[in-house]
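See below for the structure under consideration.
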Amino acid sequence: MEKRPVETRDDAKTLEVLFEISEAVTHTLNLDELYKVIHRSLGKIFNVDNFYIALHHEEKDSITFPYHVDENDENPSEIFNFSKTASLTGKVIQSQKPLIFFEEDIIGFARQQNQDVIGTISKIWLGAPLIIKNRVIGVIAIQNFHSATAHGPRDLDLLNTISQHIGLAIERKESEKKFLTRQQLLETIIESSSVGICLLENRLFKWVNTEMVRLFGYDSKAAFTGQNIRMIYASKQAYKDADAIVQKNLNLDAKTDADLELKRRDGSLFKAHMILTSFDRENLLKSTIATFTDISLRDVTQQEKREKEKLQGVLEMARAIGHEINQPLQAIIGYTDLFDPPGAITAKELEQLKFQAARIGDITKRLSKITRYKTITHPGNTKIVDIWESSS
């Protein structure tokens with residue numbers, strides 16, 4: 001039969017305790033601190049010399065005790081195979097409602113399960129489920145080893161109310177932990193990026209990553225904080241031109257990109273590709289994220305590629321010309337060797353003819369030895385391949 005104590009708890013004091021716990025849910029830094037505040041606050045209205053909070057880990061089929069105060073027993077380690085373990089905590093989890101047990105109930109429950117009672121048998125035990133989104137994630141419990149009248153139904157109701165606060169706090173702290181974990185991961189990714197990334201508010205630097213510091217040759221992130229983005233442009237006019245382009249394109253889809261000439265701390269200039277994204281449709285430059293990539297090497301690589309393509313074209317043409325000219329040229333040289341000049345051509349003129357044929361032969365050899373692409377200005381302001389400088 002249930003033994004009910006005479007309950008004389010002060011309602012005003014109870015409200016004060018509930019307010020303290022509610023405040024603690026919001027302001028404590030972590031769950032360990034919250035559990036201590038709850039334990040201390042409950043001690044103002046009834047005996048909590050034996051008090052614990054247990055968390056159920058369904059995926060591991062175990063239970064742990066992140067907060068445990070007991071007069072007789074030590075803080076238990078993690079209990080595995082919990083679903084096969086008879087316990088009052090398990091009964092509360094299964095029923096999903098607050099329960100109260102007296103000494104004879106505890107002994108009878110253990111006999112039904114053909115198991116020994118774990119720990120010291122209490123005169124009275126109260127437990128309330130910790131619930132998150134209709135899922136029981138643990139239990140808050142108090143017990144007394146000396147008096148069966150130390151607690152009553154009102155205490156169980158209060159404990160159940162407190163359990164709701166704890167469930168809310170655990171959910172909130174878990175969400176905060178996940179958020180911080182994701183934030184730390186994102187910061188790690190951003191900090192290890194080979195692209196300069198910055199947050200701008202009204203054209204002022206609010207935050208930059210490490211690559212921004214390196215890219216622009218500064219000593220620290222602090223060098224950017226609060227400074228106008230104008231500091232990275234080659235000149236005032238370059239800044240105005242870029243700003244005009246940015247504002248025009250941002251109006252279209254709140255995102256733009258451009259190749260710009262930017263300035264490092266030492267005054268040296270380099271080509272960079274900028275991508276700018278706005279987060280405020282009403283005021284496009286109020287809050288933006290900009291990324292900067294050094295494309296100087298890209299331009300050099302592209303120039304080298306173009307030079308190679310030009311050289312390849314020249315080589316193919318030179319080989320074709322050399323091949324086509326060389327055969328008739330050899331015939332001309334052969335005939336001049338057989339030619340006995342009549343009165344229409346002198347020996348000197350014949351020698352000149354051989355000289356010019358030999359010169360053409362030398363040109364064809366030069367064409368076959370071209371190794372680089374170099375041009376000279378031809379009369380009429382046109383560019384032609386410099387055969388002599390281009391060949392080895």
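Side notes on the structure shown:
Yes or no, residue by residue, for (1) without any contact (Cβ under 8 Å) to a residue 60 or more places away in the chain; (2) closer than 30 Å to I229 by Cα; (3) touching a helix residue (DSSP H, G or I) at 6+ places or on another chain (Cβ under 9 Å); (4) open to solvent by 90 Å² or more (accessible area, probe 1.4 Å):
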position: H165; (1), (2), (3), (4): no, no, yes, no
position: K173; (1), (2), (3), (4): no, no, yes, no
position: T181; (1), (2), (3), (4): yes, no, no, no
position: L199; (1), (2), (3), (4): no, yes, no, no
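- Scanning the range 201-226 for residues that are out of contact with any helix residue (DSSP H, G or I) (no Cβ under 8 Å at 6 or more places or on another chain), farther than 20 Å from K271 by Cα and without any contact (Cβ under 8 Å) to a residue 60 or more places away in the chain yields K206, A222, T225, G226.
- Check on F101, crowded, with 18+ Cβ neighbours inside 10 Å and in a loop (DSSP other than H, G, I, E, B): no
- Here the condition is being out of contact with any strand residue (DSSP E or B) (no Cβ under 6 Å at 6 or more places or on another chain) and within 17 Å of P66 (Cα to Cα); of R135, R111, R154, R172, it holds for R172 alone.
- In the range 73-91, the qualifying residues are those that are touching a helix residue (DSSP H, G or I) at 6+ places or on another chain (Cβ under 8 Å) and among the small types (G, A, S), and the one that is most open to solvent (accessible area, probe 1.4 Å) is S83.
- Residue check, R264 touching a strand residue (DSSP E or B) at 6+ places or on another chain (Cβ under 9 Å), more than 30 Å from L126 (Cα to Cα), exposed (fewer than 14 other Cβ atoms within 10 Å of the Cβ) and touching a residue at least 40 places away in the same chain (Cβ under 8 Å): yes
- Counted residues, the range 42-65 - those being open to solvent by 50 Å² or more (accessible area, probe 1.4 Å) and within 17 Å of L159 (Cβ to Cβ): 3
- Check on H39, without any contact (Cβ under 8 Å) to a residue 40 or more places away in the chain, surrounded by 12 or more Cβ atoms within 10 Å (Cβ to Cβ) and under 23 Å from E174 (Cα atoms): yes
The values are calculated or read from the model by the stated rules, or taken from the named source; none is laboratory data. Worth saying up front: this structure is predicted, and the values here are computed from it rather than measured. Every residue, glycine among them, receives a Cβ derived from its backbone with ideal geometry; neighbour counts consider all protein chains shown. Note: accessible area is taken over every heavy atom of the protein model, side chains too, but ligands, DNA and RNA are not part of it. Shrake-Rupley method; radii C 1.70, N 1.55, O 1.52, S 1.80 Å.
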